[in-house]
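In what follows, a structure is listed as structure tokens, so that the remarks can point back to it.
Values quoted throughout were computed directly from the atomic coordinates according to the rules given, and no laboratory measurement underlies them. The structure displayed is predicted, hence computed values, not measured ones. Using ideal geometry, Cβ is built from the backbone for each residue, glycine included, and neighbour counts are taken over all protein chains shown.
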Amino acid sequence: MPISGKKVDPTVVEKDVATVRSTISGREVELPAMWNRMFEPRVLTETSAEGFEKLNALPGAESLEWCYGCGKCVPVCPVDLVGEYGPRKLHRKVQTGTDLLADPGTWLCTTCANCLRVCPKEVDMIQIMPAVREAAIQEGNVPAELQTVFESTFRYGNALGANPRRRAAWTRDSGIHVRVLADDPHPVDVLFYVEDYWSYHPRGQQAAKAFVRIMHSLGVDFAILGAEEKTIGDSQRLAGERGLFDSLVEQVSATLERYEFNRIVTPDPHAYNALIKEYPKRGHTYDVLHYTQLLAPLIPKMHWSGTIEAKVTFHDPCYLGRHNGEYDAPRKLLQAIPGLELVEMGRCKETAYCCGGGGGGMWLDSFTRDYTSERLSERRVREAVEYGADILAVCCPYEVSRFEDAAKSTGNEDLLVRDIAELIDAAMGHGE
Ligand code: SF4
Ligand code: SF4
């Protein structure tokens, strides 16, 4: 059975006669039909330590060897649900001679951390994947679409390859004045770190406009960096470009040093993750909130002028929920919206499914197509529909476009995908 490709059922070998001899009585016993189904023999004995020696030389990748094959990680792996994947399967590949540095499986993990949640041996794909990918990149094995993103990030400071001077273009028709620190550098309470998809993607821009209108109406003192903003770079790091990430850390922190602010607020769980976990390791510590964490305590100040009469389900972003433990703030906000009925999907909170965008997956949909039966975002959209949702609510800038595409490609156009900020903005009566 191939590993890390589309699911292929093993060949069933029906036995003509299936009887076994009892070692105690010597009698022959005919086995019932379910035991009569045998699969073709699998080679389990040809293993080598060579692959692990190579991995162990990569700081961070050592824990793959700790796997003892319990198999807990495979059923929780979102990629395995649409293909053949999981740490155990990667471990087996290395054991049987596959060089991960040249294997497509290296690029399928979204670093969602669902396997780490259940692994008794703490096999840590969040450390393994960046280390293996970094080495693969050095050997010249990197999917072309990812290489393009790395180059765009290096040249323009954003993954989309967009003009840095147009970072703040979305603010013009937001309906309010958005302060840019370079133009008006006096101290500010909230530095709104917009990140790439809310700055440049048309659907992200709608959420960004909604968010600044909400902050404005709540009296939050905020400003943005505008053209000076560069991506925080966490997904590039997880996709294997540690050098690029380190250089972004230096550039971003040098920009931040020029201004006085109390806290950074970002809509991007990936940026949030790096700012609270990776930037401090490199000497840069900030007070950081996800935008839902800023807004949730301000619910009593929100004035609603309308209702949203809809069944809404919420997709937990892996890097807000499972990675950083925030499950409540988005739910409190949704439950505060008049008329809205929140329904939970079976896979939610700690066990939430992944949208496929993490760890570089955002840029690898065309690559992963060859190894999966459907996109993770399509799988998630079908779940939302199965739970009867009218609206799939999100709070990660990667997700609106991913899920809207998936709703179309799965024929579920009736399912609306909305950022929580858009829903609040509409119920507060601002709207676009
Ligand atoms: S859960 Fe951990 S130990 Fe068990 S098979 Fe998966 S990686 Fe190996
Ligand atoms: S981190 Fe997520 S996608 Fe990667 S192997 Fe583990 S469960 Fe699968």
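Observations, loosely collected:
- Counting other Cβ atoms within 10 Å as a rough exposure proxy, the listed residues Leu64, Leu334, Leu256 run Leu256, Leu334, Leu64 from fewest neighbours to most.
- With both labels modelled 7 Å from their Cα along Cα-to-Cβ, the Ala102 to Asp189 distance reads 5.8 nm.
- Tilt relative to the chain, helix 242-257 - C-alpha long axis, 0 to 90 degrees, to 10: 20
- DSSP-defined antiparallel bridges as percent of all bridges, the chain, nearest 5: 25
- Subtracting the Cα-Cα distance of Ala57 and Ala310 from 0.36 nm times their residue separation leaves 85.8 nm of extension gain.
- Per residue, the average separation of C-alpha pairs within less than 8 Å and at least 6 apart gives the chain a relative contact order of 16 percent.
- Angle in degrees between helix 399-409 and the longest Cα principal axis of the chain, rounded to the nearest 10: 60
- Proximal charge balance of Leu342 [Cβ under 14 Å; K/R count +1, D/E count -1]: -1
- Paramagnetic reach from His284 in the range 195-209 [backbone N under 18 Å; point 7 Å along Cα→Cβ]: 195-197
- Each distinct pair of alpha carbons in the chain adds a 1/r term; the inverse of their mean, the Kirkwood radius, is 23.3 Å.
- When each of Lys230/Lys281; Lys121/Lys277; Lys230/Lys408; Lys277/Lys311; Lys121/Lys349; Lys311/Lys408 is checked by Cα-Cα distance, pairs over 26 Å: Lys230/Lys408; Lys277/Lys311
- Qualifying trypsin sites (Lys or Arg not before Pro) in the range 323-432, where qualification requires a DSSP coil assignment and no more than 14 other C-beta atoms within 10 Å, comprise Arg369.
- Based on alpha-carbon atoms, the Kirkwood radius and the radius of gyration of the range 119-270 give Rg/Rh equal to 1.03.
- Fraction of alpha-carbon pairs over 22 Å apart in the range 50-138 - percent: 14
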